[in-house]
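J.: Please find one structure pasted underneath; my questions will follow.
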């Protein structure tokens, strides 16, 4: 019964840490480089302009959203937080499965 309690506490701890995270963003940051086409610009000589976009699947299609420079760090941070939350959710799922197996085993041993 002790292991079961420890696992339940771990699930609670992970779930609470997820509920405290609100600034997460699903997507992949992508840097696109392009030429602007203006004569005399550095990009004509090969040094392309770069911009950050957030790539995200929407209804099975890839959508790209331009991210202004002043929000770039927020995007990178939000995407990392999203990845962390997904890992925690996967861990909770694994633990919950282990809890069910332990309960089944305990029930079996009681009979």
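The values are calculated or read from the model by the stated rules, or taken from the named source; none is laboratory data. What you see is a predicted model; the values in this text were computed from it and never measured. Because the Cβ atoms are built from the backbone with ideal geometry, glycine has one as well, and the counts that use them run over all protein chains shown.
J.: Restricting attention to segment 34-64, report how many residues are touching a residue at least 24 places away in the same chain (Cβ under 8 Å) and more than 30 Å from residue 11 (Cβ to Cβ). First the steps, then the outcome.
T.: If we filter segment 34-64 for residues that are touching a residue at least 24 places away in the same chain (Cβ under 8 Å), which is where we start, we get 53-56, 64.
So of that shortlist, the ones also more than 30 Å from residue 11 (Cβ to Cβ) come out as 53-55, 64.
Total satisfying the criteria: 4.
J.: Quick check: is even one residue across segment 8-23 within 30 Å of the chain's Cα centre (by Cα), closer than 28 Å to residue 69 by Cα, touching a residue at least 12 places away in the same chain (Cβ under 8 Å) and exposed (fewer than 11 other Cβ atoms within 10 Å of the Cβ)?
T.: Yes: segment 8-23 contains one or more residues that are within 30 Å of the chain's Cα centre (by Cα), closer than 28 Å to residue 69 by Cα, touching a residue at least 12 places away in the same chain (Cβ under 8 Å) and exposed (fewer than 11 other Cβ atoms within 10 Å of the Cβ).
J.: Can you tell me which of (1) assigned to a helix (DSSP H, G or I); (2) over 30 Å from residue 78 (Cβ atoms); (3) without any contact (Cβ under 8 Å) to a residue 60 or more places away in the chain is the one residue 3 doesn't meet?
T.: It is condition (3) that residue 3 fails.
J.: On the basis of being surrounded by 14 or more Cβ atoms within 10 Å (Cβ to Cβ), in contact with a strand residue (DSSP E or B) (Cβ under 9 Å, 6 or more places away or on another chain) and modelled with pLDDT under 95, does residue 36 make the cut?
T.: When the stated conditions are applied, residue 36 does not pass them.
J.: Ok, one more. When residue 3 is evaluated against the numbered criteria (1) more than 30 Å from residue 105 (Cα to Cα); (2) loosely packed, with under 13 Cβ neighbours inside 10 Å; (3) in contact with a helix residue (DSSP H, G or I) (Cβ under 7 Å, 6 or more places away or on another chain), which criterion, by number, is the only one it fails?
T.: (1)
J.: Restricting to strands (runs of 3 or more DSSP E) lying wholly in segment 26-68: which have 3 or more residues that are under 16 Å from the mean Cα position of the chain (by Cα)? It would help to see each step written out before you state the result.
T.: On the way: elements: 28-34, 49-58, 61-67.
Hits in segment 26-68: 28-34, 49-58.
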